[in-house]
Amino acid sequence: MTEQATEITLHQKSRLLEVTFSDDANFKLPFEFLRVYSPSAEVRGHSSDQKVLQTGKKEVNLTGIEPVGTYAVKLVFDDGHDTGLYSWEYLYELGKYQDAMWHDYLQKLEEAGASREPSANPPPTPTPRACGH
C-alpha cells in the first residue's frame, strides 16, 4: 500500500515543499530538485535513453500546487513547466532517495559541462539559414 500525503506545505522563502505522509515520514523537497526530477515526459522522455538533463534551474520557484484526484498533485513552476503529475508514491520516493538522486544529478551536470545557474545555460541561438530567393 502506498503512503498517502497528509499535509503539504509550500515554503516560498526557503524554496521548499514540505510533505508529510500517513506513516509520519516528512520530507522537505527543494523546488529545484522537484523541477529537475519532474515526472513529465518533457523531462523523463518516453524511455530511459530519452531523459533530458535539466540545467539552469537553481532559482526556479513553485507558483502553484493543484490536486489531482486523491493520488497526486500537479506542480506549477515559474519557468512555465507544469506538465508533471507528482503521485504520492513518487513524492515519497523523491524524499526517501533525495540525497542519492541529488548527487547523481550534480554528477550528470558536471559530466555535461552544464550548470545549475540560470545565466550559465543560455538557450541555443538558432542557426541562420540561407534563403533560396
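The values are calculated or read from the model by the stated rules, or taken from the named source; none is laboratory data. Computed from a prediction, not measured in an experiment: that's the story for all the values here. Cβ: placed from backbone, ideal geometry, glycine included. Neighbour counts: every protein chain shown.
Quick look at the numbers
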| read-out | value |
| --- | --- |
| Those residues of the stretch 3-20 which are among the acidic types (Asp, Glu), assigned to a strand (DSSP E or B) and surrounded by 13 or more Cβ atoms within 10 Å (Cβ to Cβ), in sequence order | 18 |
| Yes/no for residue 42 being modelled with pLDDT of 95 or more, surrounded by fewer than 16 Cβ atoms within 10 Å (Cβ to Cβ), more than 17 Å from residue 18 (Cβ to Cβ) and among the acidic types (Asp, Glu) | no |
| Within the stretch 21-57, considering residues that are of a type in the set (Lys, Arg) and part of a helix (DSSP H, G or I), the one farthest from residue 4 (Cα to Cα) | 44 |
| Matching option when the condition is within 17 Å of residue 97 (Cβ to Cβ), buried (at least 17 other Cβ atoms within 10 Å of the Cβ) and in contact with a strand residue (DSSP E or B) (Cβ under 9 Å, 6 or more places away or on another chain), among 62, 29 | 29 |
| Conditions (1) on the phi > 0 side of the Ramachandran plot; (2) out of contact with any Asp or Glu (no Cβ under 8 Å at 6 or more places or on another chain): number failed by residue 82 | (1) |
| Within the stretch 58-104, considering residues that are under 11 Å from the mean Cα position of the chain (by Cα), among the aliphatic types (A, V, I, L, M) and assigned to a strand (DSSP E or B), the one farthest from residue 43 (Cα to Cα) | 62 |
